[in-house]
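Heads up, the thing below is written out as structure tokens.
The values are calculated or read from the model by the stated rules, or taken from the named source; none is laboratory data. Treat the numbers as computed from the prediction; the structure is a model and nothing was measured. Every residue, glycine among them, receives a Cβ derived from its backbone with ideal geometry; neighbour counts consider all protein chains shown.
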Amino acid sequence: PRTERFLLDPPPGVTGVSVDVADGVECVVDGGELRVTTVPGRQSGAAFTGPVRFTCGPGRMPLGDWEEHGLAGYSGGVRYRATVTAQAGPGELDLGRVRGTAEVTVNGRPCGIRVCSPYVFDVELDDGDNAVEVLVLGTLAPYFDEISPTHFVFAGQRVTGLFGPVRLRVAMVDPHAP
């Protein structure tokens, strides 16, 4: 038997890891490293009988390409949340660069859906704290390219995420106006 090490790129919010290995193979997950004690005939990739699976809950992720944050091959949605303090009134939320479909809500109120640029939304703000939520949905391209690479998926189609810069513009209110 020999011990081999594999690096894991866990996605945000990971709460558990599941690894299927061959009989006689032992596996230990330690942070971002997977240590596998192999048996003859079951070294390297042959030690695994299935994919590494992650169990995830809510997590934190910076803006950018999902693939760079442990979500390579992921086709689905990511919900970005922020709280902003403002005076009541209209505003404009500009998401900047987005790869995917974006849906925005402020304080639970729908503000719209955009499938292409410009990703700009009219929003209505409440006085005080405002819960801003942006749901970005990607295409199936990363998933299909991961499970069965094909020349029909181009490199640019794998890129998904909210890149920004995200800007909230609000009208200046004169506190002395009648």
Worksheet item: Among (1) without any contact (Cβ under 8 Å) to a residue 24 or more places away in the chain; (2) surrounded by 15 or more Cβ atoms within 10 Å (Cβ to Cβ), where does THR150 come up short?
Response: (2)
Item to complete: Could you please let me know if GLY100 is surrounded by fewer than 16 Cβ atoms within 10 Å (Cβ to Cβ) and on the phi > 0 side of the Ramachandran plot?
Response: no
Fill in: PRO40, sole failed condition from (1) surrounded by 11 or more Cβ atoms within 10 Å (Cβ to Cβ); (2) at pLDDT 85 or above
(1)
Practice prompt. Select, from THR139, THR85, the only residue that is at pLDDT 90 or above, of a type in the set (Val, Ile, Thr) and in a strand (DSSP E or B).
Written response: THR85
Worksheet entry | Complete set of residues in the range 117-136 that are surrounded by fewer than 20 Cβ atoms within 10 Å (Cβ to Cβ) and not in a strand (DSSP E or B) | SER117, PRO118, ASP126, ASP127
Worksheet, complete the sentence: Matching residues in the range 67-81 (touching a helix residue (DSSP H, G or I) at 6+ places or on another chain (Cβ under 7 Å) and of a type in the set (Phe, Trp, Tyr)) number 1
Discussion item. Of everything in the range 1-17, what is in a strand (DSSP E or B) and either outside the structural domain of VAL29 (by TED's automatic domain parsing) or over 13 Å from the mean Cα position of the chain (by Cα) (or both)? Give them in sequence order.
Written reply: THR3, GLU4, ARG5, PHE6, LEU7, THR15, GLY16, VAL17
Item to complete: Identify the residue in the range 1-37 that is of a type outside the set (Val, Ile, Thr) and touching a Pro at 6+ places or on another chain (Cβ under 7 Å) and, among all such residues, is surrounded by the fewest Cβ atoms within 10 Å (Cβ to Cβ).
Response: GLY32
Fill in: Every residue from the range 88-107 that is outside any strand (DSSP E or B) and within 15 Å of the chain's Cα centre (by Cα)
GLY100
Fill in: Cβ pairs under 7 Å, 6+ apart, first in the range 15-28 and free of Cβ contacts under 8 Å to residues at least 24 places away in the same chain and at positive phi, second of a type in the set (A, V, I, L, M, F, W, C) and part of a loop (DSSP other than H, G, I, E, B)
GLY24/VAL39
Discussion item. For the range 37-73: of the residues being part of a loop (DSSP other than H, G, I, E, B) and of a type in the set (D, E, K, R), which is nearest to ARG2 (Cα to Cα)?
Written reply: ARG42
